[in-house]
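Here's the structure we're looking at; comments come further down.
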């Protein structure tokens, strides 16, 4: 989660994946990363290959 807080958006898919790794889940609009040690998820939303933002979300 700390890694996301320090990113500026928009970001490229490459920048996000190099910082966070491969997502645990994906759909057409977002990649989902589980917050370590919790049942919470962070979604990184995309417009094409550009990450436009993030938020707490269930996949």
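Please treat every number below as a calculation from the coordinates, not as lab data. Note that this is a predicted model, so its numbers are computed, not measured. With ideal geometry, Cβ positions are generated from the backbone for all residues, glycine too; neighbour counts draw on all protein chains shown.
The table below lists the values:
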quantity: Relative intensity, log₁₀ I(q)/I(0), of the chain from a Debye sum that treats every alpha carbon as a point, q = 0.12, 0.13, 0.18, 0.20 Å⁻¹; calculated: -0.23, -0.27, -0.53, -0.66
quantity: Helix-only mean residue ellipticity at 222 nm for the chain, each DSSP H run of n ≥ 4 adding -39500 (n - 2.57), per residue, nearest 500; calculated: -4500 deg cm²/dmol
quantity: Among 14, 37, 48, residue whose mean-square fluctuation peaks in a GNM of the chain (springs only between Cα atoms under 10 Å); calculated: 37
quantity: Fewest-first ranking of 31, 47, using other Cβ atoms within 10 Å as the exposure measure; calculated: 47, 31
